[in-house]
Amino acid sequence: MRDDPFLNPLSRHIWAQKYRHGEEEGIVHSWRRVAAAVAAVEPRHASRWRSRFEWLLRDFRFLPGGRILAGAGTGRRVTLFNCFVMGPIEDSLDGIFQALKEGALTMQQGGGVGYDFSTLRPRGTPARESGTIASGPVSFMRIWDTMCTTLLSTGTRRGAMMATLRCDHPDIEAFLAAKSEAGALSCFNLSVLVSDRFMKAVEAGESWPLLFPHSAFEAEAGDELIWRRWSGAEAAVPCKVVKRVDAAALWETLVRAAWDHAEPGVLFIDRINRWNNLGYRERISATNPCGEIPLPPYGACDLGSVNLTAFVRAPFDAGASIDLDALAGTVDDAVRFLDDVIDLSRFPLEAQRHQAQGSRRIGLGLTGLADTLAMLGLRYDSEEGVRQAERIMEAITHAAYSASVGLAREKGAFPWFDRDAYLDRPFVRSLPGELRREIRRHGIRNSHLVAIAPTGTISLLANNLSSGIEPIFSLQQRRQVTGADGSRSSFELEDYAWHLWQERHSGKTTPPEFFVTAGQLKPEHHLRMQAALQRHVDNAISKTINIPADYPFEAFRDVYSRAWKLGLKGCTLFRPNPITGTILEARQTAAPCCRVTTI
């Protein structure tokens, strides 16, 4: 193990600014701090697990979520969970401001938050008791945005937010336009909850009802009612049709908004609920801010990523390969590590603790995929590249489920485990027969195990790995970084795999053809990779599809429809535009940039 594993000044800067605690002299000491803290919750052999966890973290083999690396073992009153989905927002002034308070307390401890604003009555609706007129969900989102900005100004780590709204909410058009001006709702990512019913209405050219629970209105003769299971409701309720719109026209408005200012994304919410391992006891209508963890009210995401580049044998050689046995061993320890984090972490709210400890959800993912493919001599957009990526993802998932069964034998299944109901869930039914038999025999420690996060900051920390499942952005780039004092610094960077290739091929400056970058890819290549890996991911995948500025709008629109047909749980497109800024500048190719995210 090297005392200083950093290959560039920015990676060292990120460690010093975000993850260093006290007088730690190097990241090796940070790893030791984290390993000791997490191992301390083990009921037996804590010293042995401390050594195992330290080995797990060495040389960026496994990258725990940023809150874990920054907070574990520091004694600070912070959560080790990156993100939360908050409880339903009660449609009253008291309920709204209680939800705002809960969000502020959560972000104060370092957690990002996701909210479904669909429970708030549409703009212009008279309140039944006070007689006042509702201002609608988007107006209250601005209060959340101000709160988040205020916390940032006090020096607290910025807490990103996700806002979702149903595609049948009467204020959906206002939601689509909410970020049409530069700086509007800057602390939010926005996603529309798109139902299968809506997508079929779009395809059929049908009208689409915009509606809201009838209980919010004074009953009038001639009200058109449709039963829907509304956000926050336990069962279907009668909803008043406020108006009808053309489904295809609404879809066009959504896509045009994404074209103009890169938001909203879409969440295919019926698919999310259909494939939820805990669909027998919960209903999901929101995700964490980056979208890789769909969560029930007060759910939390406990994240970590395996660095795939650490398992490439003989990189760039004709016989380059992935050491799947070593990868499985790392996954085994990583699952235990993340499970222990659940017991170690503080929680801003008791409801969050109850939810996390009841399901013991974790989100083990991967990063450095594109770099790994390059080290194997495979193009990201090749059929063999996709096959190899899927093979790796399948190995990670099966190893994770096997590890969780082992933990269940040792420590017990998660409290909300219902053997027959769990084994009947679609994702669990897709697992190998032997794994299913083991789950039936011993239970499983964690309801969900796999998610692919964007890994923005932690991949930079690990010497500028390609992030998550994203393609290599560019071989060389300039990145602007804002310091704690507001000052901005510029760093020149090389992609990790490109740096290694240059070390082995001194003097050569022309990259081999397998070093494909984001600007060279078509949207279909992104979709194909995401769809292949989603088959082996029980949570979801955070993925941004980069689109050139001159990409035809008609083709842009088709990408969303293609994503639904391919079975994705969500989709986010980024096209360079005058409203959304970037912090990356490619030094080689004019590749577009995705929204930058951190975990």
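Okay, here's what the table says:
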quantity	calculated
Residue list for the range 418-443, filter: in a loop (DSSP other than H, G, I, E, B) and either touching a Lys or Arg at 6+ places or on another chain (Cβ under 9 Å) or not hydrophobic (A, V, I, L, M, F, W, C) (or both)	Asp418, Asp424, Arg425, Ser430, Pro432, Gly443
Every pair of residues 6+ apart whose Cβ atoms lie under 6 Å, when the first sits in the range 430-441 and is over 15 Å from Asp538 (Cα atoms) and modelled with pLDDT under 95 while the second is of a type in the set (A, V, I, L, M, F, W, C) and crowded, with 17+ Cβ neighbours inside 10 Å	none
Unique match (being more than 30 Å from Gly279 (Cβ to Cβ) and under 23 Å from the mean Cα position of the chain (by Cα)) among Leu521, Leu493, Leu533	Leu521
All positions within the range 474-504 that are surrounded by 13 or more Cβ atoms within 10 Å (Cβ to Cβ), farther than 19 Å from Arg379 by Cα and either without any contact (Cβ under 8 Å) to a residue 24 or more places away in the chain or among the aromatic types (Phe, Trp, Tyr) (or both)	Phe491
Positions within the range 88-125 being closer than 21 Å to Val242 by Cα, in contact with a Phe, Trp or Tyr (Cβ under 8 Å, 6 or more places away or on another chain), not hydrophobic (A, V, I, L, M, F, W, C) and not in a loop (DSSP other than H, G, I, E, B), in sequence order	Ser118, Thr119
Odd one out for Lys508, checked against (1) in a loop (DSSP other than H, G, I, E, B); (2) at pLDDT 95 or above	(2)
Subset tally (residues that are modelled with pLDDT under 85, among the small types (Gly, Ala, Ser), surrounded by fewer than 20 Cβ atoms within 10 Å (Cβ to Cβ) and within 19 Å of Pro523 (Cβ to Cβ)) for the range 559-599	2
Scope the range 86-105; condition crowded, with 23+ Cβ neighbours inside 10 Å and in contact with a Gly (Cβ under 7 Å, 6 or more places away or on another chain); matching residues	Met86, Ile89
Failed item in (1) closer than 30 Å to Ser404 by Cβ; (2) at pLDDT 95 or above; (3) part of a loop (DSSP other than H, G, I, E, B), with Pro454 passing the rest	(2)
Residues within the range 1-53 that are assigned to a helix (DSSP H, G or I), of a type in the set (A, V, I, L, M) and under 28 Å from the mean Cα position of the chain (by Cα), tallied	11
Search result, residues across the range 207-240 that are assigned to a strand (DSSP E or B) and either in contact (Cβ under 8 Å) with a residue 40 or more places away in the chain or in contact with a Phe, Trp or Tyr (Cβ under 9 Å, 6 or more places away or on another chain) (or both)	Ser207, Trp208, Pro209, Leu210, Leu211, Phe212, Pro213, Arg228, Val237, Pro238, Cys239, Lys240
Lone qualifier among Ser345, Ser321 - being surrounded by fewer than 17 Cβ atoms within 10 Å (Cβ to Cβ) and touching a residue at least 40 places away in the same chain (Cβ under 8 Å)	Ser321
Positions within the range 238-280 being in contact with a strand residue (DSSP E or B) (Cβ under 6 Å, 6 or more places away or on another chain), more than 15 Å from Ile293 (Cβ to Cβ) and of a type in the set (Val, Ile, Thr), in sequence order	Val241, Val242, Val245, Val266
Residue check for Ile444: of a type outside the set (Lys, Arg) and under 24 Å from Phe62 (Cα atoms)	yes
Test result for Phe556, in contact (Cβ under 8 Å) with a residue 60 or more places away in the chain, surrounded by fewer than 22 Cβ atoms within 10 Å (Cβ to Cβ), of a type in the set (Phe, Trp, Tyr) and more than 23 Å from Ala451 (Cβ to Cβ)	yes
Among (1) within 21 Å of Ala35 (Cα to Cα); (2) buried (at least 22 other Cβ atoms within 10 Å of the Cβ), the one test that Leu327 misses	(2)
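The values are calculated or read from the model by the stated rules, or taken from the named source; none is laboratory data. From a predicted model like this one, the values you see are computed outputs, not experimental measurements. Counting neighbours? That spans all protein chains shown, and the Cβs are built from the backbone with ideal geometry, glycine included.
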